[in-house]
Amino acid sequence: MNYLNALNISGSGLTAQKLRMDVIAQNIANSDVTRTQSGGAYRRRLVVLQSVNEGGFKHELMRRAAGLSARRAAFGMGGDPAVNAGGVKVARIFEDQSDLVPVYDPTHPDADADGYVFMPNVNRTEELINMLAATRAYSANVTMFNATKSMIGSALQIGR
């Protein structure tokens, strides 16, 4: 895997986790919204992440096992560039179709005839836990990006 490929993988992780954090923040911000433009209560949104070039790591190992030198592989020389390891991308964002939460409040303007208001299916505790996980994943990608930059700097110093 060449250095630029490693930076691209970390960058794709940063982008995906940032979008995931944005969607989670949107869920928390709309956790009390009972009326949307499309009608009804807000529905929680979920992000699905997908591997880019699934199996890329396996192909990279197979290339190295076939005799490609570690030095040539590290600098991306030789081999098929189509089998480089990929990264991650957002496959889709969808609305959670689980049941809305009925709350008895006959004074609420959106209450039905029985006095129930259907609240969003957003669990703030679950969203905060998801936000923590996304933040940690983002931080891990920043660490990897910085480590790769440091390795590039060290390699350039050796070449002097």
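Overview of values
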| read-out | value |
| --- | --- |
| Residue match in region 106-113 (condition: touching a Leu at 6+ places or on another chain (Cβ under 9 Å) and more than 18 Å from ARG20 (Cα to Cα)) | no |
| Sole exception among (1) touching a His at 6+ places or on another chain (Cβ under 9 Å); (2) modelled with pLDDT of 90 or more for ALA85, by number | (2) |
| Filter result for the condition that a residue is of a type outside the set (S, T, N, Q), at pLDDT below 95 and within 17 Å of the chain's Cα centre (by Cα), over LEU19, LEU7, LEU46 | LEU7 |
| Number of the exception - SER154 against (1) loosely packed, with under 14 Cβ neighbours inside 10 Å; (2) more than 30 Å from ASN8 (Cβ to Cβ) | (2) |
| Criterion: in a loop (DSSP other than H, G, I, E, B) and in contact (Cβ under 8 Å) with a residue 24 or more places away in the chain - qualifying residue of ASN141, ASN121 | ASN121 |
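The values are calculated or read from the model by the stated rules, or taken from the named source; none is laboratory data. Quantities reported herein were computed from a predicted structural model and do not represent experimental measurements. Quick reminder, even Gly has a Cβ in these numbers, built from the backbone with ideal geometry, and neighbours come from all protein chains shown.
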